[in-house]
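S.K.: The structure's right below; bear with me while I get my questions together.
What follows is calculated from the coordinates using simple rules that are stated; it is not laboratory data. None of the values given here were measured: they were computed from a predicted structure. Neighbour counts run over all protein chains shown; Cβ positions are idealised from the backbone, glycine included.
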Amino acid sequence: MRRKLAAGNWKMNGTPAMLAGVGALDADAGCEVLLCPPATLIAQMTDHAKGRITVGGQDCHPLAGGAHTGDIAASMLKDAGATYVILGHSERRADHGETNATVSAKTLAAWDAGLTAIVCIGETLETREAGRTLDLIGTQLAGSVPDGATAAGLVIAYEPVWAIGTGKVPTLEQIAEVHDFIRAALETRFGAEGTGTRVLYGGSVKPSNAAGIFAVPNVDGALVGGASLAAEDFNGIIGALAKA
Ligand code: PEP
C-alpha cells in the first residue's frame, strides 16, 4: 500500500508570519501532508508542525560539505528538521542548469543524509507537441534516479513544465499515460520497491481539479506550488486526496 502524499512547495515564498497556517492544515484527513518551505523556515516550521505534518527542503548540494557558498548540504536540512527534499524541480533545471546527472548526485546525497528524495521530471510543451513526452520521461527517470532506490527513499513527481504555475492541466488521459509509464519503468528497474514508490502529479493542482486528478490510477498524491501557500486551498486538496 502506498501512503498518499499531499506535498506543498512554497518555492521562494514564505515569512515567519505564514507559519501560523501550518496549525490549520488538516493533518488527520487520512493522507500524509508535507510542506517544503525555504530553508530559512524549516526549523521553525518543524516546531509549528509538532509532528502532525512532515517538512522538507527544496534542494541540496551533492556534496556533504565544503567551500560552496550559498548552498546547503542534505545533512543540514536533516538537522533543521526536514525528512524530505525536492530535487530536480524544473525551475532548478532551468534556472541553475541542473542535468539528470546533477539530480542523481543530489539524490545520493539526500539518501546518505537519511532524507527521502522527491525527484521531479516532466516535459516542456515543445516536447509534448513533438510527441516525445514518454521518451523524455524515460530518459529523465533513468538519469535522475540512481541505482538502489527504495520505496521509502524515493518519491517521483511528474510535473509537466507547461502546467506549473500556468493554470493549464493535462487531460486525465495524459496524466494516466505518463503515470502508468513511470510505474512500469520503476517496477522494471526496482521490482517491489518500484511498486511501492509513490508517484505524484504536479502542475496547477487546485481544490477544484484535485478530485479528478486523484482518481487517476497510479497518482499517489500531488506536488502543489501556489495552492499550498494558503491553508484553506491546501486543505481542499488534502481533503480530496484523503477521499480518493
Ligand atoms: C510546483 O511548484 O511544483 C508546482 C506544481 O506549482 P503550481 O502548483 O503552482 O503549478
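S.K.: State to the nearest 20 debye the size of the charge dipole of segment 9-98 about its Cα centre, where the only charges are +1 on K and R beta carbons and -1 on D and E beta carbons.
M.R.: Values: 6 positive and 10 negative charges, 12 e Å.
Its charge dipole is roughly 60 debye.
S.K.: Just Thr54, Thr46, Thr171 to compare: in a GNM of the chain, with alpha carbon springs under 10 Å, which one fluctuates most?
M.R.: Thr171
S.K.: Under the rule of -39500 (n - 2.57) per DSSP H run of 4 or more residues, summed and divided by the residues of the chain, what mean residue ellipticity at 222 nm is obtained, to the nearest 500 deg cm²/dmol? All intermediate terms of the calculation are to be shown ahead of the outcome.
M.R.: Working: 10 runs with 96 residues, N = 244.
Value at 222 nm, helices only: -11500 deg cm²/dmol.
S.K.: Choose one of Gly226, Thr150, Ile121: the residue whose Cα lies farthest towards the positive end of the charge dipole of segment 106-244 (beta-carbon charges +1 Lys, Arg; -1 Asp, Glu; about the Cα centre).
M.R.: Gly226
S.K.: Let me ask another. Treating only the Cβ atoms of Lys and Arg (+1) and Asp and Glu (-1) as charged, compute the dipole magnitude of the chain about its Cα centre; round to the nearest 20 debye.
M.R.: Working: 18 positive and 25 negative charges, 67 e Å.
Computed about the Cα centre, the dipole is about 320 debye.
S.K.: Starting from the exponent 0.38 and prefactor 2.2 Å, build the expected Rg for the chain from its residue count and divide its actual Cα Rg by it. Provide the component values of the computation, followed by the final result.
M.R.: On the way: Rg = 16.5 Å, N = 244, 2.2 N^0.38 = 17.8 Å.
Here the answer is 0.93, to two decimals.
S.K.: Let me ask something else. Could you work out which residue, out of Glu126, Glu232, Glu159, moves most in a Gaussian network model of the chain, that is, has the largest mean-square fluctuation with Cα springs under 10 Å?
M.R.: Glu126
S.K.: So what is the relative contact order of the chain, in percent, for Cα pairs below 8 Å that sit 6 or more residues apart?
M.R.: Numbers: 516 pairs, mean separation 53.1, N = 244.
Value for the chain: 22 percent.
S.K.: In a Gaussian network model over the chain where Cα atoms closer than 10 Å are linked, find which of Lys50, Lys78, Lys206 has the largest mean-square fluctuation.
M.R.: Lys50
S.K.: Looking at this model, which pairs from Lys4/Lys78; Lys206/Lys243; Lys168/Lys243 are more than 18 angstrom apart at the alpha-carbon? Before the final figure, lay out each step's value.
M.R.: Details: Lys4/Lys78 22 Å; Lys206/Lys243 15 Å; Lys168/Lys243 24 Å.
Flagged as over cut-off: Lys4/Lys78; Lys168/Lys243.
S.K.: Related question: What is the set of long-range amide H partners of Val155 at a cut-off below 5 Å, with H atoms built 1.01 Å from backbone N?
M.R.: Under 5 Å from the amide H of Val155: Ala117, Ile118, Val119.
S.K.: Could you please state, rounded to a whole Å, how far the C-alpha centre of segment 44-82 is from the C-alpha centre of segment 127-167?
M.R.: About 23 Å separates the Cα centre of segment 44-82 from the one of segment 127-167.
S.K.: Would you work out if segment 130-244 is rounded, prolate or oblate? Take a ≥ b ≥ c from the square roots of the eigenvalues of the alpha-carbon gyration tensor; rounded if a/c is under 1.5, else prolate when a/b is larger than b/c, oblate otherwise. Walk me through the intermediate numbers first.
M.R.: On the way: a/c = 1.94, a/b = 1.47, b/c = 1.32.
Cα axes put segment 130-244 in the prolate bin.
S.K.: In nm, to one decimal, how far is the modelled label at Arg3 from the one at Thr195, with both set 7 Å along Cα→Cβ?
M.R.: For the pair Arg3/Thr195, the computed spacing is 2.0 nm.
S.K.: Give the long-range amide H neighbours of Asp59: residues separated by 5 or more places, or on another chain, with amide H under 5 Å away, using H modelled in the peptide plane at 1.01 Å from N.
M.R.: Long-range HN contacts for Asp59: Ile86.
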